[in-house]
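Asker: Here you go, one structure.
Any read-out appearing in this document is the output of simple, stated calculations on the displayed coordinates, not a laboratory observation. Not measured: the values here are computed from a predicted model. Positions of Cβ are generated from backbone atoms using ideal geometry, with glycine treated the same way; all protein chains shown enter the neighbour counts.
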Amino acid sequence: MPILNQLITTVLPFIPKTIVGQVAKRYIAGVRLSDGIQVVKNLNEKGMMATMDLLGEDIKNAGETELIRNGILSILQSIKVNKLNSNVSVKPTQLGLEIDKELGYHNLNTIIKEADRLGNFVRIDMENATTTDDTLTMYRRIRADGFNNTGVVIQAYMRRSETDVRSLVKERANIRLCKGIYNELQSIAYKKQQEIRNNYLTLLEIIFKAGSYVGIATHDDYLIDRACEMIQKFGLDKEQYEFQMLLGVREKRRDAIVQNGHRLRVYVPFGEKWYAYSTRRLKENPHMAWYITKAIFIR
Ligand code: FDA
């Protein structure tokens with residue numbers, strides 16, 4: 001990470017929220033459900049699919065998980081009413097995983113059951129390493145309860161991921177493969193860029209060979225190009241995979257992927273609790289230091 005970006009990352013918690021919000025707004029559809037719906041409509045018109053995410057994580061209060069659960073149920077309804085091509089993504093800690101695992105499971109089960117009734121799909125995002133086992137357990141429990149309209153996320157930076165992927169493909173899991181965003185210890189996670197990329201491609205090859213459905217979630221040209229080569233090599237049908245990108249990131253590359261005939265899904269977050277998500281995105285922006293400096297001094 002360039003030195004100026006490192007410096008801004010350190011002082012980010014002290015920068016006023018209004019400034020962070022100004023710079024980070026490209027990553028968020030807005031604060032209301034209608035904002036998210038409008039963005040998804042626009043993406044659908046451009047031939048892209050979406051996954052909607054109600055912002056909010058690390059919830060420590062059971063009452064709040066109920067509000068979030070109901071909010072996600074409303075998203076599913078709106079997707080249906082507006083005939084949108086979108087599913088939803090949920091974070092286990094927003095459903096109560098860290099308060100009470102049964103509460104978390106109950107909320108997830110309610111959402112997946114409703115999605116199933118509406119013919120929709122729920123992606124369970126992967127959070128930091130303290131939640132990996134519990135998240136995979138929740139996923140397997142919901143599958144054992146008879147639901148197939150759900151999938152998990154695997155983070156290529158985690159050293160355990162190859163073992164996880166080898167088990168998941170045997171279970172015909174629908175997997176989103178990403179690099180991983182949380183700051184994990186070197187003992188459990190790869191840290192070097194090329195190591196993470198190499199592991200990403202190893203995992204992708206295992207998934208492709210097993211014939212499991214995969215969401216190739218990355219903006220990294222190196223990985224996108226290698227993934228396209230593998231798709232050709234294995235002669236995959238375009239229904240067997242999709243590319244995935246985050247709202248506000250690499251839009252030209254996103255358009256090019258669609259123009260080349262691949263399916264692509266955009267992650268569309270919205271909601272009032274935008275801060276934690278937005279700062280994670282900002283830290284990944286190679287131009288963050290410049291954007292923040294500009295927002296502070298050029299107003
Ligand atoms: P990398 O960070 O190297 O980015 C490649 C290039 O893309 C950069 O050089 C830059 O040009 C551009 N870029 C990337 N991020 C940018 C930004 N914020 N602003 C501007 N430019 C940017 N993680 C996780 O731990 N759990 C999860 O559940 C998910 N879910 C998820 C869903 C989807 C659809 C995506 C695309 C990603 C995730 N992630 C995630 C995040 C993922 O783990 C990772 O942190 C980011 O995708 C960034 O990694 P890249 O592979 O894009 O490479």
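Asker: Search the structure for amide H atoms under 5 Å from the amide H of SER86, placed 1.01 Å from N in the peptide plane, and list their residues when 5 or more places away or on another chain.
Answerer: It is ALA50, by chain and number.
Asker: Cross-link candidates for LYS233: which lysines have Cα within less than 19 Å, leaving aside residues fewer than 8 places away along the same chain?
Answerer: Partners found: LYS209.
Asker: Something else about it: Which of the peptides 112-118, 187-193 is most tightly packed, and how do the rest follow, going by the mean number of other Cβ atoms within 10 Å of each residue? Intermediate results must be reported in sequence, preceding the final value.
Answerer: Values: 112-118: 17.4, 187-193: 13.4.
Listed from highest to lowest mean packing, they are 112-118, 187-193.
Asker: Given the -39500 (n - 2.57) contribution per DSSP H run of 4+ residues, what per-residue ellipticity at 222 nm results for the chain, rounded to the nearest 500 deg cm²/dmol?
Answerer: It lands at -15500 deg cm²/dmol.
Asker: Okay, moving on. Sorted by mean Cβ packing within 10 Å, highest first, what order do the peptides 252-261, 23-32 take? All intermediate terms of the calculation are to be shown ahead of the outcome.
Answerer: On the way: 252-261: 13.2, 23-32: 19.0.
Packing proxy ranking, top to bottom: 23-32, 252-261.
Asker: State, as an integer percentage, the relative contact order of the range 1-124 based on alpha-carbon contacts under 8 Å between residues 6 or more apart. Write out the running numbers ahead of the final one.
Answerer: On the way: 126 pairs, mean separation 27.7, N = 124.
Computed value for the range 1-124: 22 percent relative contact order.
Asker: While we're on this one: Over the chain, calculate the relative contact order: mean separation of alpha carbon pairs under 8 Å at least 6 apart, over the residue count, as a percent. Write down the numbers at each step before the final one.
Answerer: Details: 450 pairs, mean separation 77.4, N = 299.
Relative contact order, the chain: 26 percent.
Asker: Under 5 Å between amide hydrogens, which residues at least 5 positions from VAL268 or on another chain qualify, with H placed 1.01 Å from N in the peptide plane?
Answerer: THR51, MET52, ASP53
Asker: Something else: Tell me, what ³J(HN,Hα) does each residue in the range 98-104 have, in order and in whole Hz, if you take phi through Karplus 6.51 cos²θ - 1.76 cosθ + 1.60 with θ = phi - 60° and put x for Gly and Pro?
Answerer: 8, 8, 7, 4, 5, 4, x
Asker: Hey, another quick one. Could you tell me the distance between the Cα centroids of the range 142-181 and the range 232-251, to the nearest Å?
Answerer: That distance is 17 Å.
Asker: Rounded, prolate or oblate: pick one for the range 29-270, where a ≥ b ≥ c are the square roots of the eigenvalues of its C-alpha gyration tensor, a/c under 1.5 means rounded, and failing that, prolate if a/b is larger than b/c, else oblate.
Answerer: Oblate, since a/c reaches 1.5 and b/c is not below a/b.
Asker: Kindly identify the range 171-279 as rounded, prolate or oblate by the Cα gyration tensor criterion: order the square roots of the eigenvalues as a ≥ b ≥ c, call it rounded if a/c is under 1.5, otherwise compare a/b with b/c, prolate if a/b is larger, else oblate.
Answerer: Oblate, because a/c is 1.5 or more while a/b does not exceed b/c.
Asker: Name the residues whose placed amide hydrogens come within less than 5 Å of the amide hydrogen of PHE243, ignoring near sequence neighbours (fewer than 5 apart) on the same chain.
Answerer: Here ILE216, ARG263, LEU264, ARG265 satisfy the definition.
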